[in-house]
Every structure is written in structure tokens, then in C-alpha cells.
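The values are calculated or read from the model by the stated rules, or taken from the named source; none is laboratory data. Predicted model, so just to flag it, every value in this text is computed and none were measured. Because the Cβ atoms are built from the backbone with ideal geometry, glycine has one as well, and the counts that use them run over all protein chains shown. Accessible surface areas use protein heavy atoms only, side chains included; no ligands, DNA or RNA. Shrake-Rupley method; radii C 1.70, N 1.55, O 1.52, S 1.80 Å.
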Amino acid sequence: MGRGGKAKSRDVQERRCIATGEVRPTSRMIRFVAGPDGSVVPDLAGRLPGRGIWVSSDRSAVELAVKKKLFSRAAKTQLTIPEGMVDRIETGLLRRVQDSLALARKASQAITGYEKVRGWLELERARVLMQARDGSERGKTKLKAPIQKPGGPDTFIGHLSAEELGLAFGRDRVIHAALSAGGLSKRVVEEAARLQSIRKDIGGNGSAGKEQTEA
């Protein structure tokens, strides 16, 4: 049993955030390590050697850890913070989303194009609907994301731009995309959730734009 008497899968790893004190799944956190030069190094893949320092994947939590020098306190030694570290984390997480999405596309776990996405949704093959935040609101409302189960993974991703989505699919712009079930799709959802929490002033649905079309 997990905290609060809730059942917890053995596969779910949790860590305590040094900024908020909350215990969260590592999939919603960012691991940091002390670099050989005494600087704080974001370990977005969670593979670098050294004792991990964990912070919630939330911009305010990371900024609080920087402001209050919590990295040094956790490491029990003086550490320096690289210039623009939070923005670098955002850039790195975006790259991870795009790389994971590109792999999912090659594995036939991701498609793009309004008609193809609509087909997957109608056949209930789609598990996640992705739509560009700067796409037409009128066009986007014609597609409905799968119903999210209580406590289940996200079924809608809407905080990437059309250009950011396009790069993952080898196109200039992408407005609509969908993910089927699969390990790569799960990775996209997890990385996208971390990115959304670290991004500043970008909502889930974005703002209305002019009508966009795609092949």
C-alpha cells in the first residue's frame, strides 16, 4: 500500500521534491546531479552517475530550489547554478517530446492529418489526441479526445505549437496528431506532461488562430 492507504504499483518509483516536500512519481519530476565542476546538472534522462537530487517538474518548484539554494543544501556542498538553467530544461524536454514522438511515428504508434486522426478516434484506436496550440479553434473542436479514466494518463496534449509538432513528423506544421497504445506513446505523454509543467505562460489549449490546413 502507498501513502494514504492507496494501492501502488511496484513499477512506480517515487521521490521527494526538495522544493515542495511532496512525494511524486519520478515521471513527473526532474533529476539533478552535481557535475564534476561543482555545477547543478539537469539529468532529464535520469541516467547520469551520482546521487540524484529531485525536483517536481514545475517551473515554480525549480525556481524556488534555485532561489533558496536548495540544491546545495541537498548535496551538502556548495553548487553553482548555470545561467538560464530553467530555460535549458524546457528546451531539453521539448527535444525529448519530439524525439519520442518521432520514434512513435516510426513504430506506427503516432499519426498526423485530420482525416487519419478522425479515423483512429472513430475506431477507438487513438489513446491520445494531440493538437497544436496555435491551430484553428474551430477546426480543433471537431475532434474530441478519448475520455480520460480517473487517475489514468492524459488523453489530450495541446501545448505544443504547430511547428514543434511538425518537426517530430518531418513537416513544416502539424495541427492534429494521435497516439495509439504502446510504450513509446506512454513516453510521449510523460515527457509532454513534464514539459507542460515547466513551460511558462502557455495553457493547455493555446490561443485561437487563423484557420490552418494540413495534408
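Observations on the structure shown:
- Listed conditions (1) of a type in the set (Asp, Glu); (2) touching a strand residue (DSSP E or B) at 6+ places or on another chain (Cβ under 6 Å); (3) more than 18 Å from Arg194 (Cα to Cα) are all met by Asp43, apart from (3).
- Unique residue being part of a helix (DSSP H, G or I), in contact with a helix residue (DSSP H, G or I) (Cβ under 6 Å, 6 or more places away or on another chain) and basic (Lys, Arg) when the list is Arg88, Arg96, Arg118, Arg15: Arg96
- Unmet requirement for Glu124, which otherwise passes all of (1) part of a loop (DSSP other than H, G, I, E, B); (2) under 16 Å from Arg95 (Cβ atoms): (2)
- Whichever residue in the stretch 15-65 is β-branched (Val, Ile, Thr) and within 19 Å of Arg187 (Cβ to Cβ) and, among such residues, is modelled with the highest pLDDT: Ile30
- Per-region count, the stretch 46-68, residues in contact with a helix residue (DSSP H, G or I) (Cβ under 7 Å, 6 or more places away or on another chain), in a helix (DSSP H, G or I) and open to solvent by less than 20 Å² (accessible area, probe 1.4 Å): 2
- Within the stretch 116-135, being over 12 Å from Ser180 (Cβ atoms), open to solvent by 10 Å² or more (accessible area, probe 1.4 Å), over 16 Å from the mean Cα position of the chain (by Cα) and touching a residue at least 60 places away in the same chain (Cβ under 8 Å) holds for one residue alone: Asp134.
- Taking the stretch 138-166 as the range and being under 13 Å from Ala178 (Cα atoms) and open to solvent by 50 Å² or more (accessible area, probe 1.4 Å) as the test, the residues that pass are Lys144, Phe156.
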